[in-house]
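What follows is one structure encoded as structure tokens, with my remarks underneath.
The values are calculated or read from the model by the stated rules, or taken from the named source; none is laboratory data. In this text the structure is predicted, and so the values were computed from the model without any measurement. Because the Cβ atoms are built from the backbone with ideal geometry, glycine has one as well, and the counts that use them run over all protein chains shown. Please note that ligands, DNA and RNA were not included when accessible areas were found on the heavy atoms of the full protein model with its side chains. Shrake-Rupley method; radii C 1.70, N 1.55, O 1.52, S 1.80 Å.
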Amino acid sequence: MDKDIPTRGKYFRPRRLQTNIIFAFAALLFAVLLAVLFSINNILTNSANNEIQKNLATGNHLFNFLNEEYSRKLTESASVLASDFAFREAIATTEHGTILSVLNNHGARFKASAMFLVNTEHHMIADTIGLTHPNESSPFPELLVTAEHEGQATGIVLLNEHLYQVVIVPVLAPTPIAWLASGFIIDQEYARNLQSLTGLDVSFLIHQQATGQWRRLASTLSLEQSEKLPSALSDVIVDTKDNVVKLQVGEEDYLARIPTLASHTDNRIVAVLQVSLPKALVSLRKLQKLLLILTIFSFLAALMASILVARNITTPLRKLGELAQRIEHGDYSQSIVPDRHDEIGQLFSAFNHMSSGIAERELKIKDLANRDALTGLPNRVLFYDRLGQSIKGIKRNGPAVAVMIMDLDRFKEVNDSLGHHIGDLLLQEVARRLQATLKREYDTVARLGGDEFAILIAADEEGTQIVVNNLLKALEQPILLEDQEIIINVSIGITFCPRHGHEINTLLRQADLAMYAAKRNNEGFVIFDANLEQHKLHHLSLMAELRQAIAKDEFTLYYQPKLELATGTISHIEALVRWIHPERGLVPPDDFIPFSEHTGFIKFITLWVLEHALRQQKTWQEIGVAPTISINLSARDLYIKKFPTLLADLITSYGVSPQKLILEITESSIMADPQSALGTLHELKDIGLRLSVDDFGTGYSSLSYLKKLPVSELKIDKSFVFNMVNDRDDAIIVQSTIDLGHNMGLTVVAEGVENLSTWTMLEALNCDFLQGYYISRPLSAKDLLLWSETSPWKLHKIP
């Protein structure tokens with residue numbers, strides 16, 4: 001060990017362990033006491049609530065019992081009078097005074113608040129409270145209807161702004177000659193009697209259906225509280241299930257049961273049996289305060305004990321904290337002398353060993369954090385750092401630097417067709433060749449991710465072009481990986497600092513734009529200029545307008561003839577989409593098709609092309625012309641599950657034979673997901689459609705995949721046809737492809753025929769169809785018919 005750690009070093013900022021221990025003990029104790037307090041409080045609260053609800057239930061049962069008892073007594077007294085012979089004789093006399101006297105005498109004897117006599121037609125004969133006049137309609141028609149059906153009835157009704165419990169019994173002689181109603185008033189006195197028996201506050205209210213308002217009729221609450229009760233009921237849902245509800249009357253909370261006493265067409269009468277929660281919970285609140293005081297005293301006592309324990313533990317650990325502080329600040333050179341021979345001393349020794357181990361591993365981690373695991377090259381983080389350092393150097397009059405972004409063309413096809421293992425080996429070999437070419441100490445080659453590399457060199461434009469040409473030369477050599485020869489192409493974008501800027505992200509974005517320009521133009525490298533940014537903005541603008549192009553019918557179809565050498569006629573044509581922009585004019589397909597592929601909008605363009613091509617085919621059939629139309633499919637089209645069904649429906653709707661349609665697919669679109677693509681292709685063939693492999697020879701697909709494809713045609717890519725007259729290798733490739741296609745029973749089409757020499761050579765090689773500007777450039781449907789009339793090759797006619 002180098003040195004002993006002083007008791008107080010410059011790195012040490014004491015955070016007392018003693019405080020942490022005290023806090024831990026206190027927190028644990030507080031949590032336990034809080035849990036106990038919470039549990040006991042819950043038990044007490046639940047017990048109190050249960051007791052309150054039990055009292056409510058008991059009071060409710062007693063309330064119901066008393067109502068039933070009052071009703072029974074009324075029924076008995078009314079039945080006695082109804083069966084009295086003298087009473088029946090008095091009714092027979094129809095003498096109103098006599099009847100009223102009998103009703104008053106009987107009501108006084110049985111302490112009834114009101115007596116009523118109603119004839120069988122529900123008209124009043126007499127009543128003891130002067131509510132109605134003789135022959136007026138009964139004030140309780142619903143109860144009378146019930147009595148007629150059930151023999152008698154009881155209920156609560158509102159009469160003269162007072163509640164009455166009324167029973168109705170028939171006066172028989174021997175059939176009903178009248179109805180006798182007896183009732184007692186439900187008022188403040190009645191409510192107070194119920195309160196004294198049940199121990200609950202009792203209120204009676206009526207709910208007017210028309211206005212939706214509650215009105216108090218009687219209540220044992222204070223005048224102030226009773227006046228607020230209707231408003232409190234409006235804030236809760238009062239159902240007919242007699243559940244316990246919580247009411248807030250003014251500032252006081254109540255638990256209540258609200259039984260419905262009567263429900264009529266225009267109103268509803270309820271009783272509110274309630275108990276004040278603050279009053280009911282007085283004893284609970286006292287107990288809770290006592291529990292809280294005991295909890296506080298327990299917490300303070302335990303806190304004092306934890307302080308004593310913490311002081312005894314933290315003193316021998318302070319030196320260990322100093323060492324940890326030094327390690328935290330990256331100082332691994334110091335150590336601590338273990339002056340104890342117990343567990344603490346062993347911990348000191350372990351910390352010393354840990355410090356030296358961390359120092360070694362940190363160096364390794366820093367290296368790994370700045371290196372790409374697959375290639376061993378600097379990664380994005382290290383490249384950004386070195387580029388930043390170079391920019392700082394330039395600002396101090398250092399040399400200019402070139403920033404390059406390099407991307408492998410069609411690397412995804414290598415991964416998809418040959419496997420990710422081969423792809424990884426390819427990246428490692430590319431990295432090796434780049435390092436072998438860039439040998440200067442200050443040159444940096446980094447892998448940013450995927451198949452994207454970044455290069456940083458100190459050079460002007462002339463020197464950079466020399467370096468780039470050397471890189472391209474090194475990478476164009478074939479690469480042999482596990483008996484598989486691969487030829488790769490790369491695209492490099494270049495930007496210079498300080499010429500193009502001093503900001504890291506700006507330089508990388510410019511290099512990225514230049515790289516995509518190189519890829520788009522099939523050039524090895526492109527140096528950034530401001531026009532590339534304008535080109536990017538132009539494409540972004542086009543993408544926004546592309547979504548409106550179909551709706552505004554800005555697309556049109558052109559048709560390029562294919563000459564059938566065996567017959568000398570134009571039996572096949574290829575449909576090519578063109579975008580006629582209202583402001584930009586003709587937009588080249590290369591300006592919008594790749595972006596449509598990338599965004600997925602291509603599927604809408606494909607459907608537009610299919611529908612318009614089928615419509616044109618039907619039009620031609622009507623005039624006796626029947627060329628077979630080829631249509632290009634995108635890779636995305638093959639992965640639309642319902643695409644075959646959708647296409648079949650389109651063909652049926654236009655009445656066109658599926659044999660008159662050829663769908664062209666590229667090797668790359670098949671290789672992205674061979675199994676899924678094969679499934680879709682077989683479905684298309686089952687419909688009766690013919691399939692063609694477009695741009696054959698430009699992908700990485702193998703013949704094992706080709707023989708599985710349900711295709712009937714191969715199209716040789718124009719890159720092989722253009723120079724086949726002067727390039728022996730291209731001629732061999734074309735001849736081999738024609739022989740291969742014929743041996744597999746396929747028709748072969750050569751595209752890119754630009755002159756008679758190429759025509760003659762392809763004819764000698766027995767190619768089936770020719771396509772190119774030598775025959776005709778793409779034409780509109782109208783111009784195609786005019787061209788056919790004057791050209792030596794006529795459109796195929798329907799026999």
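Summary table below
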read-out	value
Elements of type strands (runs of 3 or more DSSP E) contained in region 167-227, each with 3 or more residues being of a type in the set (Gly, Ala, Ser)	176-186
Residue within region 302-310 that is within 30 Å of ASN20 (Cβ to Cβ), at pLDDT below 75 and open to solvent by less than 30 Å² (accessible area, probe 1.4 Å) present	yes
Verdict on THR599 being hydroxyl-bearing (Ser, Thr, Tyr), modelled with pLDDT of 90 or more and open to solvent by 10 Å² or more (accessible area, probe 1.4 Å)	no
Positions within region 110-133 being free of Cβ contacts under 8 Å to residues at least 12 places away in the same chain and either surrounded by fewer than 16 Cβ atoms within 10 Å (Cβ to Cβ) or of a type in the set (A, V, I, L, M, F, W, C) (or both), in sequence order	GLU121, GLY130, HIS133
VAL430 in contact with a helix residue (DSSP H, G or I) (Cβ under 6 Å, 6 or more places away or on another chain) and either surrounded by 16 or more Cβ atoms within 10 Å (Cβ to Cβ) or within 23 Å of LYS519 (Cα to Cα) (or both)	no
SER101 vs. criteria open to solvent by 50 Å² or more (accessible area, probe 1.4 Å) and over 60 Å from the mean Cα position of the chain (by Cα)	yes
Among residues of region 364-423, those that are free of Cβ contacts under 8 Å to residues at least 12 places away in the same chain, closer than 26 Å to ARG520 by Cα, open to solvent by less than 50 Å² (accessible area, probe 1.4 Å) and not in a loop (DSSP other than H, G, I, E, B), counted	1
The lone exception for LEU172 - which of (1) touching a residue at least 60 places away in the same chain (Cβ under 8 Å); (2) aliphatic (A, V, I, L, M); (3) touching an Asp or Glu at 6+ places or on another chain (Cβ under 9 Å); (4) open to solvent by 50 Å² or more (accessible area, probe 1.4 Å) it fails	(3)
First in region 75-104 and without any contact (Cβ under 8 Å) to a residue 24 or more places away in the chain, second anywhere and of a type in the set (Phe, Trp, Tyr) and open to solvent by less than 70 Å² (accessible area, probe 1.4 Å), Cβ under 6 Å, 6 or more apart	VAL102/PHE87
Filter result for ALA474 (assigned to a helix (DSSP H, G or I), out of contact with any Pro (no Cβ under 8 Å at 6 or more places or on another chain), open to solvent by less than 20 Å² (accessible area, probe 1.4 Å) and among the small types (Gly, Ala, Ser))	no
Residues of region 76-93 satisfying the condition of being farther than 14 Å from TRP179 by Cα and of a type in the set (Asp, Glu)	GLU76, GLU89
Test: residue in region 581-599 that is part of a loop (DSSP other than H, G, I, E, B) and under 22 Å from GLU789 (Cα atoms)	no
Count of residues meeting criterion [surrounded by fewer than 19 Cβ atoms within 10 Å (Cβ to Cβ), touching a Leu at 6+ places or on another chain (Cβ under 7 Å) and either under 16 Å from LEU74 (Cα atoms) or touching a residue at least 60 places away in the same chain (Cβ under 8 Å) (or both)] in region 134-169	0
Top-ranked residue in region 253-290 [being open to solvent by less than 30 Å² (accessible area, probe 1.4 Å) and in a helix (DSSP H, G or I); ranked as farthest from ALA31 (Cα to Cα)]	LEU277
Positions within region 228-252 being open to solvent by less than 50 Å² (accessible area, probe 1.4 Å), in a strand (DSSP E or B) and not aliphatic (A, V, I, L, M), in sequence order	GLU252
Residue within region 484-502 that is in a loop (DSSP other than H, G, I, E, B), in contact with a Leu (Cβ under 8 Å, 6 or more places away or on another chain) and open to solvent by 60 Å² or more (accessible area, probe 1.4 Å) present	yes
